[in-house]
Amino acid sequence: MWRKYWNRPLGSKLILIGSIALLIEMLAPWQRVCQTTSDGSICGWVTAYEGSNFGLYAALLAVAIVVWELLPILFPGLSMRGWPTAVITAVLSVALVVCVLVKMIIDNEFQQIWAWIGLAIALAIMLTALIRVRFRWETRTTKPPEASGAPTATSVPPDTSGTSP
């Protein structure tokens with residue numbers, strides 16, 4: 001299975017690792033929450049999964065990206081190298097960035113550095129997916145190289161003038 005993973009394109013590996021890193025990073029404290037009581041103030045931490053539902057939506061989108069990128073590894077019969085599959089990854093990653101941004105806007109009090117790191121990871125996933133779409137879009141009309149037995153433009157035709165040296 002690891003051999004199949006290493007045979008994947010670089011963009012696919014980066015998106016997969018970034019999505020798993022985001023899922024783990026979302027467990028870090030994204031906010032510091034304090035409540036004032038008669039005894040003083042009580043402070044605690046809030047992860048990305050807590051608070052508004054957009055943290056959960058972002059986690060579900062990250063899981064969807066992981067599953068989508070693991071499909072060709074788990075089921076080698078699937079051919080997922082065309083530009084439509086890259087577009088699906090890009091759409092999922094754009095939705096991921098939107099969810100992370102909305103999560104940060106809704107829960108914007110006392111944000112910690114981990115929220116910004118999560119946004120940076122989501123943006124890196126999206127940028128990689130969009131670059132992959134652009135690359136796949138440019139190569140969608142190119143034809144594979146011809147077989148070695150077929151004549152090419154650089155081959156020299158045989159001499160048929162009738163004179164021999």
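The values are calculated or read from the model by the stated rules, or taken from the named source; none is laboratory data. Bear in mind the structure is a predicted one, so any value in this text is a computation, not a measurement. Heads up, the Cβs are rebuilt from the backbone with ideal geometry, glycines too, and the neighbour counts pull from every protein chain shown.
Just a few scattered comments:
- Candidates are the residues of the range 67-84 that are over 14 Å from Thr128 (Cβ atoms) and part of a helix (DSSP H, G or I); the one that is modelled with the highest pLDDT is Val67.
- Remark: pairs (first residue in the range 110-123, within 15 Å of Ile15 (Cβ to Cβ); second residue among the small types (Gly, Ala, Ser) and assigned to a helix (DSSP H, G or I); Cβ separation under 6 Å; 6+ apart in sequence or on different chains) = Ile121/Gly18; Ile121/Ala21.
Listed here are the residues, each with its yes/no results for (1) among the β-branched types (Val, Ile, Thr); (2) surrounded by 10 or more Cβ atoms within 10 Å (Cβ to Cβ); (3) out of contact with any Pro (no Cβ under 7 Å at 6 or more places or on another chain); (4) at pLDDT 70 or above.
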position	(1), (2), (3), (4)
Gln111	no, yes, yes, yes
Arg132	no, yes, yes, yes
Trp137	no, yes, yes, no
Thr141	yes, no, yes, no
Pro145	no, no, yes, no
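- Among (1) modelled with pLDDT of 80 or more; (2) of a type outside the set (D, E, K, R); (3) under 22 Å from the mean Cα position of the chain (by Cα) - the single one Met1 does not satisfy: (1)
- Filtered by the rule that a residue be closer than 29 Å to Pro9 by Cα and touching a strand residue (DSSP E or B) at 6+ places or on another chain (Cβ under 6 Å), the range 21-74 gives a lone residue, Leu27.
- Only one of the listed residues (Val33, Val66, Val46) is surrounded by 16 or more Cβ atoms within 10 Å (Cβ to Cβ), over 21 Å from Ala124 (Cβ atoms) and among the hydrophobic types (A, V, I, L, M, F, W, C). That residue is Val46.
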